[in-house]
């Protein structure tokens, strides 16, 4: 489980150190306070792509560390041991994101790449977001959900592998047939083409094109650059001088009224930027050199690259890939080729293995589809869709196509009105219905995932009243099997938590910060009352909050 998380200079968080418990932890706070920031930070610690925009304004870098208790997590221990990253009973994931967008990742203090971080994250946390229901518009995700419910990840991975093997062998067979027609002539042609490509500067195509463009326009660049430099810093009424005078005036105003302080600071920053731009432009113009001989050389090289690109019917930047393809084909022609009969036997064996496994997967899908239908319908009823019908339509594909997904596709069919024939989910479900069906699928999916920590980020949006209380109970029940972290707007959900955290945002003239506070019983009552009643909190609302909390105690 997730034991603690440390966040520094991330978004609007200055510094946050949080210890987490088992069971269900709820996170609440006013709209805009940044409830989901902790979830976003954790996703980066688990390997999500990041850019400089996540670094707090004015900071050099953002840092996120997450500590997991892995004493009972054998798959995690095995993975760490395999990667030679194992440590004691805890596993520490750390991510540092610089203000220039570059980042570094660490597992137990050792540097790793994002792929490793993401792989490990898949063993530790599953995040369900508020927009997850949008994926239900895509039928291709339905089969993935069904396979996860049926615990077919190993089988479907093997199916994809077999499908790729079949495709690769078929491609080899086609290539082998063609090469047998006139092997020697093909080798001679490829050898000639390879020599042409090796003599040409194909790895510098992009640089040559840019250098040629710059050399061709050197006179104009010099003229326009000098004009710009004069306007910035050298004319009698240049921009820097004028801006300096304005700053001097504003500085006098600032002595009389602090109200123009921000204006003064912005202008001062602008002056620094303009002066730096002027220096860079002057350096650029000094480096700009017009060399006719160099231009002629660039022109010849560019013409050669264009000719080769037309010859091979690719772009200039694709020429290195073309060269690699030619080298691979030459290697295949020159080496000890696998005989045509051997390839056919291998293809037949792979196809036979695929058919056996695909048939087994199809039977498991059909059986699991019925069970999934029952569970979804039950939860739909609990979530206020008592007349709902949910079906999983399994549509056969061409068995001889050996597709990666197997012998069928899946599409969720639904009816929310009595007597209505089930139709594709994307066509009939309203936004509110879709979010409830999505929530039902997420809860069921979470029950089948053997992960220590599950995060639900505002998945209860658009749900209220008694339905929200049911959602809270469902998540609290999950909390008995796994650690649950739930970001919510609903008091009925928040009251079910074993631990309650409140996010608060504070502002001053210089910055905005988010803080996270663990609430005791009295503070929880106040927070639940705020969620129920808004700005004006009465004793009646507090009484309701107490009832909710008492009703939600486990």
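With a simple spin-label model that places each label point 7 Å from the Cα along the Cα-to-Cβ direction, the separation between residue 228 and residue 321 comes to 3.3 nm.
Placing dummy labels 7 Å off each Cα toward the beta-carbon, the span from residue 187 to residue 395 is 5.0 nm. Restricting to Cα pairs below 8 Å that are 6+ residues apart, what does the relative contact order work out to for segment 438-554? Please round to a whole percent. After rounding, I find 22 percent.
Using the basic label-point model (7 angstrom from Cα toward the beta carbon), what is the residue 199 to residue 245 distance in nanometres? Placing both labels 7 Å along Cα→Cβ, they lie 6.5 nm apart.
The slack in the chain from residue 299 to residue 311, taken as 0.36 nm per residue of separation less the alpha-carbon distance, amounts to 2.5 nm. Multiplying the residue separation of residue 363 and residue 31 by 0.36 nm and subtracting their alpha-carbon distance yields 114.8 nm.
At an R0 of 41 angstrom, the distance between the Cβ atoms of residue 537 and residue 4 translates into a FRET efficiency of 0.80. Each Cα pair under 8 Å and six or more residues apart adds its sequence gap; the mean of these over the residue count of segment 203-318 is a relative contact order of 40 percent. Summary value for the chain: 22 percent relative contact order, contacts being C-alpha pairs under 8 angstrom separated by 6+ residues. Computed packing ranks the peptides 494-501, 76-83, 43-50 as 494-501, 43-50, 76-83, most packed first, by mean other Cβ atoms within 10 Å. Annotation: the residues 91, 486, sorted from fewest to most other C-beta atoms within 10 Å of their own C-beta, follow the order 91, 486. Rounded to two decimals, the Cα radius of gyration of segment 198-274 over 2.2 N^0.38 Å is 1.87. Calculated FRET efficiency, residue 330 and residue 210, Cβ-Cβ r, R0 35 Å, to nearest 0.05? Once rounded, the FRET efficiency stands at 0.65. So, R0 is 41 Å and r is the distance between the beta-carbons of residue 263 and residue 289; what FRET efficiency does that work out to, to 0.05? Here the calculated transfer efficiency is 0.45.
Segment residue 15..residue 178, full-extension length gain: 52.3 nm, with 0.36 nm per residue of separation and the alpha-carbon distance subtracted. When the P(r) is computed for segment 91-197, the part past 19 Å accounts for 73% of the Cα-Cα pairs.
Take the alpha carbon atoms of segment 460-524, find their center, do the same for segment 143-173, and report the distance between the two centers in whole angstrom. For segment 460-524 versus segment 143-173, the Cα centre distance is 40 Å.
Per-residue ellipticity at 222 nm computed for the chain from its helices equals -18000 deg cm²/dmol, with DSSP H segments shorter than 4 residues left out and the rest contributing -39,500 (n - 2.57).
Coordinate-derived values only; no laboratory data. Computed from a predicted model, the values in this text were never measured in an experiment. Note that we place each Cβ from the backbone using ideal geometry, even for glycine, and neighbour counts take in every protein chain shown.
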